[in-house]
């Protein structure tokens, strides 16, 4: 039996939640009371456009619940199913204020970013100048290295030429020595030949003289 009772309560709660009706306060300020009647205790004063959930609707009084959970009775003639223009205006006003606050916040943030951007721009310019200086230094070093390599190549070429000329000079000296040696041999042989010829001529002349003396 208890189970059916609990199921019934759940179904009733579900039905009530599904069929809950939202109403709004008209263009007046009205009181929410503990019970139906203008002489009953006031729970809270409700402003125009205030939304509430209808729990029990009547021709004169309506039992309703506020968004904050408070429940009470309110005169039915001050309720409407359409959201009043003033409430819409208030909502738009609040949205406008919220947007204005966001715009102000974004403007301030943009200003800070610009100020930070100025510092970043200065740092960027300094970095660019440093990069340019490094590029110039690298180019200068590269040119100097190219000059060094060119000088090394010229030195190696000159060294090779000097070595070749030195070899040629040594060959010429060797040839000159050989020529001088050959000339000495020639002069020696020539001198020997002249000496031998002189001996022969002298011998012949001596023989002729002896024959002449015999006659």
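Readers should treat all values here as calculations from the given coordinates under stated rules, not as data from a laboratory. Bear in mind the structure is a predicted one, so any value in this text is a computation, not a measurement. Here Cβ is always computed from backbone atoms with ideal geometry, including for glycine, and neighbour counts include all displayed protein chains.
Here the extension length gained between residue 175 and residue 206 equals 6.6 nm, from 0.36 nm per residue of separation less the Cα-Cα distance.
Counting every other Cβ atom within 10 Å of each residue's Cβ, 59, 143 order from fewest to most as 59, 143.
Can you sort 78, 138 from fewest to most other Cβ atoms within 10 Å of each residue's own Cβ? Mind dumping the intermediate values first?
On the way: 78 18, 138 10.
Going from sparsest to densest Cβ surroundings: 138, 78.
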